[in-house]
Amino acid sequence: MEELIDVLDENGNKTGEILTREQIHRKGLCHRIVVIAIIDAQGNILMQQRSKNKAQNPGKWDVAAVGHVSSGQASTEAAIRETLEEVGITVNEEELEYILTYRNKEIIKEDYIDDEIYDCYIVKRDKIHLRDIKVQESEVEQVKLCNLKEFNQIIEKGNIMKRDKLYKKIIEYLK
């Protein structure tokens, strides 16, 4: 069964309409996304490379986990679910440090429009062991740790998901 998602108004409030992900994107309706950056005590950021089989932005780098908030789900619940699904890391609500909400609207193609409100979180860990990461192969090609210099280089090269507002906050956070 396809995931059901709450449609939001321009202020991020639920309208009462619930549609599938495909319907929401086809109609270009506003909905909520969670973005989770995981950072270790040395300031390394866990990065994932999107699967090369993804229809949108295949092979691009991104922070640890990103996903849609399912209908009836709180943003923090979705963040916990997506982090476990995509990189196999269990986090609890107390670990989620809210850092930013922003909206982005982009026409990807004629029948696929992103109109998304992003809730962004940071999770701090003492140590991140790449050997313990269990990626969701349909979503993630590979993972790596990047220090601040490497993170900036990936951004400069442009082989990364477009999340400028989030990246600015992460860089401020690490300085």
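Read-outs throughout are calculated quantities, based only on the coordinates presented, and are distinct from any laboratory measurement. Bear in mind that the values here come from a model prediction, so they are computed numbers and not experimental data. Positions of Cβ are backbone-derived with ideal geometry, glycine not excepted, and every protein chain shown enters the neighbour counts.
Details
- Build a GNM of the chain with springs between Cα atoms under 10 Å apart, and of LYS52, LYS157, LYS27 the one that fluctuates most is LYS157.
- Local electrostatic count, TYR121, Cβ distance below 9 Å [Lys/Arg +1, Asp/Glu -1]: -3
- Sites LYS134 and ASP9, calculated FRET efficiency, Cβ-Cβ separation with R0 35 Å, nearest 0.05: 0.40
- C-alpha center-to-center spacing [the stretch 93-154, the stretch 43-61] in angstrom: 9
- Rounded to 5, percent antiparallel among DSSP beta bridges of the chain: 75
- GNM top mover of ILE80, ILE38, ILE113 - the chain, alpha-carbon springs below 10 Å: ILE113
- Length released on extending from GLU17 to TYR173, taking residue separation times 0.36 nm less the Cα-Cα span: 52.5 nm
- Proximal charge balance of LYS134 [Cβ under 11 Å; K/R count +1, D/E count -1]: -3
- Rel. contact order, % - alpha carbon contacts under 8 angstrom, at least six apart, the stretch 1-138: 28
- Placing unit charges on the Cβ atoms only, positive for Lys and Arg and negative for Asp and Glu, gives the chain a dipole magnitude near 740 debye about its Cα centre.
- Reachable lysines from LYS52, criterion Cα separation under 23 angstrom, eight or more residues apart if same chain: LYS60, LYS109, LYS134, LYS144, LYS157, LYS162
- Evaluated at q = 0.09, 0.12, 0.18 Å⁻¹: base-10 log I(q)/I(0), Debye formula over Cα of the stretch 4-174: -0.29, -0.52, -1.21
- Highest-first arrangement of 61-70, 136-145, where packing means the average Cβ count within 10 Å: 61-70, 136-145
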